[in-house]
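Some notes on the structure that comes next.
The values are calculated or read from the model by the stated rules, or taken from the named source; none is laboratory data. As the structure is a computational prediction, the values presented were derived from the model and not from experiment. Here the Cβ is made from the backbone with ideal geometry for all residues, glycine too, and neighbour counts use every protein chain on show. Quick note on the areas: whole protein, heavy atoms, side chains included, nothing else; ligands and nucleic acids left out. Shrake-Rupley method; radii C 1.70, N 1.55, O 1.52, S 1.80 Å.
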Amino acid sequence: MRILVINPGSTSTKMAVFDDEKPILLRNITHSADELSKYGDVTEQQDFRRQLVLDELEKSGIPIDFDAVIGRGGLVKPLSGGVYEINDRMLGDTLHGCVMHNHACNLGCLIAYEIATAINKANTQEPNTQHPTPNTQKPNTQHPTPNTQKPNTQKPRCRSFIADPGVVDELSPLARISGSPLMPRICIWHALNQRAIARRYARGIGREYEDLNLIICHLGGGISVAAHEKGRAIDANNALDGEGPFSPERAGSLPAADLIRLCFSGKYSEKQLLKRIAGKAGLNAHLGTNDMREIMKRIEQGDEHARLIVDAMLYHVAKNIAAEAAVLCGNIDAILLTGGIAHSDYVVSELRRRVGFLAPVYVFPGEDEMEALALNALAVLKGERQAKVYD
């Protein structure tokens with residue numbers, strides 16, 4: 001099975017081609033600020049990013065002919081984890097329905113569906129253009145032959161999917177309730193990578209994800225912490241715009257009354273304040289950069305203010321991990337650390353020092369999203385997993 005994987009991010013579009021489990025092409029196409037400044041809205045980047053993917057396939061000599069195209073899921077309505085076949089309702093919600101945030105991940109669904117549709121259209125047109133002469137010249141004697149040959153010339157339909165988008169919501173009823181009925185808790189988190197890492201860990205110890213209780217922390221531009229109970233994330237934070245620890249780009253949980261006063265101070269517009277929650281927040285606000293490598297260099301050179309801010313971030317990360325231990329009533333098989341920041345020995349050692357008493361800590365640095373998407377699509381194509389219907 002040949003699978004095309006598309007994973008759009010804020011400043012890059014990752015793409016990959018897999019033959020079953022084997023990657024035969026991996027690319028990270030970066031986009032400059034000047035390139036993206038031409039577009040007023042993220043969805044306006046669809047044609048631009050799709051063409052870059054197609055150009056990369058052409059340069060690599062890979063025919064645009066796949067059994068499936070799977071994209072990173074967008075921020076549509078909350079849903080349970082799993083693989084979803086892209087349908088009209090999902091496309092509508094992504095473009096102008098219930099999308100909660102204008103994020104580049106929304107393009108994954110749109111581009112995957114568009115490429116799969118083009119492949120299917122090309123495949124259904126091929127028999128009509130290749131067999132006009134036999135059908136018209138010898139209608140009586142040639143009918144049996146075309147009928148038996150057509151199944152061989154018409155290729156299987158290319159299917160389009162998303163898997164485990166950031167809005168996967170399997171929260172327990174208790175987790176949904178906040179202190180205000182006006183604002184129930186929601187989770188927007190790194191569901192795809194967390195679930196992929198959970199399954200990888202489970203395979204490594206000869207167990208099933210569905211049999212384990214895990215606390216998983218994704219350490220990236222945003223930081224998500226989730227309690228996984230027997231294959232379901234029953235508690236997770238809104239890592240995108242306002243809950244949990246602060247991170248390189250996010251403010252995390254803030255004093256509510258102070259935030260309200262700031263909103264009515266007249267100093268900032270709504271757009272500016274939203275940037276102070278996600279984007280120009282966290283380490284970026286305190287230290288002027290979201291690049292942990294640069295910040296760690298500062299610390300190594302004796303910058304004590306940088307050390308204080310990073311230590312404070314890790315303090316709050318550890319506190320959130322410990323809070324999820326209460327969700328699981330202390331019944332924890334392991335704590336898993338993942339994401340780009342998990343490459344840092346300093347970060348890992350500090351978190352292990354603070355939370356290692358709860359359960360063994362294992363580290364899976366980086367992200368496993370491209371392989372995770374490919375394997376999710378492959379499982380459906382092979383009949384090992386059923387694609388869910390978005391409704």
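Residues to consider are Tyr315, Tyr346; find the one that is of a type in the set (Ser, Thr, Tyr) and surrounded by 15 or more Cβ atoms within 10 Å (Cβ to Cβ).
From the options Tyr315, Tyr346, the qualifying one is Tyr346.
Across the range 314-359, what is the total count of residues that are out of contact with any Asp or Glu (no Cβ under 8 Å at 6 or more places or on another chain), of a type outside the set (Val, Ile, Thr) and farther than 26 Å from Asp291 by Cβ?
Total meeting the criteria: 12.
For the range 243-274, name all the residues that are assigned to a helix (DSSP H, G or I) and in contact with a helix residue (DSSP H, G or I) (Cβ under 9 Å, 6 or more places away or on another chain).
Within the range 243-274, Leu259, Leu262, Cys263, Glu270, Leu273 meet the criteria.
I'm checking my understanding of the structure. Among residues of the range 318-335 that are open to solvent by less than 30 Å² (accessible area, probe 1.4 Å) and within 13 Å of Ile223 (Cα to Cα), which one is nearest to the chain's Cα centre (by Cα)?
Looking at the filtered set, the residue picked out is Ile321.
What is the residue count in the range 377-391 for residues that are part of a loop (DSSP other than H, G, I, E, B) and open to solvent by 10 Å² or more (accessible area, probe 1.4 Å)?
Just the residues of the range 377-391 that are part of a loop (DSSP other than H, G, I, E, B), to begin with: 382-387, 390-391.
If we keep only those that are open to solvent by 10 Å² or more (accessible area, probe 1.4 Å) as well, we get 382-387, 391.
So the count comes out to 7.
Kindly indicate whether Ile299 is over 24 Å from Leu214 (Cα atoms), open to solvent by less than 20 Å² (accessible area, probe 1.4 Å) and β-branched (Val, Ile, Thr).
Criteria met by Ile299.
Among the residues of the range 195-213, are any among the hydrophobic types (A, V, I, L, M, F, W, C), in contact with a strand residue (DSSP E or B) (Cβ under 6 Å, 6 or more places away or on another chain) and under 18 Å from Thr338 (Cα atoms)?
Step one: of the range 195-213, the residues among the hydrophobic types (A, V, I, L, M, F, W, C) are 196-198, 202, 205, 212.
Pick out the ones that are also in contact with a strand residue (DSSP E or B) (Cβ under 6 Å, 6 or more places away or on another chain) and you get 197-198.
Of the ones still in play, those that are also under 18 Å from Thr338 (Cα atoms) are 197-198.
Yes, the range 195-213 contains a residue that is among the hydrophobic types (A, V, I, L, M, F, W, C), in contact with a strand residue (DSSP E or B) (Cβ under 6 Å, 6 or more places away or on another chain) and under 18 Å from Thr338 (Cα atoms).
For the range 13-112, which fully contained strands (runs of 3 or more DSSP E) count at least 1 residues that are among the small types (Gly, Ala, Ser)? So that I can check it myself, show each step before the final result.
On the way: elements: 22-30, 68-72, 83-85.
Output list reads 68-72.
Across the range 50-64, what is the total count of residues that are open to solvent by 50 Å² or more (accessible area, probe 1.4 Å) and in contact (Cβ under 8 Å) with a residue 40 or more places away in the chain? Give the derivation first.
At the first step, the residues of the range 50-64 found to be open to solvent by 50 Å² or more (accessible area, probe 1.4 Å) are 51, 55, 58-59, 61, 63-64.
If we keep only those that are in contact (Cβ under 8 Å) with a residue 40 or more places away in the chain as well, we get 64.
So the count comes out to 1.
In the range 19-44, what residues are at pLDDT 95 or above and more than 18 Å from the chain's Cα centre (by Cα)?
Listed by number, the residues that qualify are Asp19, Asp20, Glu21, Lys22, Pro23, Ile24, Leu25.
Filter the range 177-195 down to the residues that are in contact (Cβ under 8 Å) with a residue 60 or more places away in the chain and of a type in the set (A, V, I, L, M), then identify the one that is surrounded by the most Cβ atoms within 10 Å (Cβ to Cβ).
Leu192
On the given criteria, is Met100 at pLDDT below 90, more than 14 Å from Leu373 (Cα to Cα) and aliphatic (A, V, I, L, M)?
The answer is yes for Met100.
Restricting the first residue to the range 78-90 and requiring it to be free of Cβ contacts under 8 Å to residues at least 40 places away in the same chain, which pairs with a second residue that is open to solvent by 10 Å² or more (accessible area, probe 1.4 Å) and acidic (Asp, Glu) meet a Cβ separation below 6 Å and a spacing of at least six or different chains?
Going by the 6 Å Cβ cut-off, there are no qualifying pairs.
Going through the range 336-376 one residue at a time, which ones are in a loop (DSSP other than H, G, I, E, B) and under 30 Å from Arg159 (Cβ atoms)?
Glu367, Asp368
Could you tell me whether any residue of the range 88-100 is buried (at least 21 other Cβ atoms within 10 Å of the Cβ) and of a type in the set (Ser, Thr, Tyr)?
yes
Please work out if Lys38 is of a type in the set (D, E, K, R) and surrounded by 14 or more Cβ atoms within 10 Å (Cβ to Cβ). Even if it seems obvious, please write down each step before you answer.
Values: of a type in the set (D, E, K, R): yes; surrounded by 14 or more Cβ atoms within 10 Å (Cβ to Cβ): no.
Criteria not met by Lys38.
If you go through the range 209-236, how many residues are in contact (Cβ under 8 Å) with a residue 24 or more places away in the chain and basic (Lys, Arg)?
Matching residues across the range 209-236 total 1.
Give the residue that is nearest to the chain's Cα centre (by Cα), with candidates limited to residues of the range 67-83 that are open to solvent by 10 Å² or more (accessible area, probe 1.4 Å) and within 18 Å of Arg2 (Cα to Cα).
Among those that are open to solvent by 10 Å² or more (accessible area, probe 1.4 Å) and within 18 Å of Arg2 (Cα to Cα), it is Arg72.
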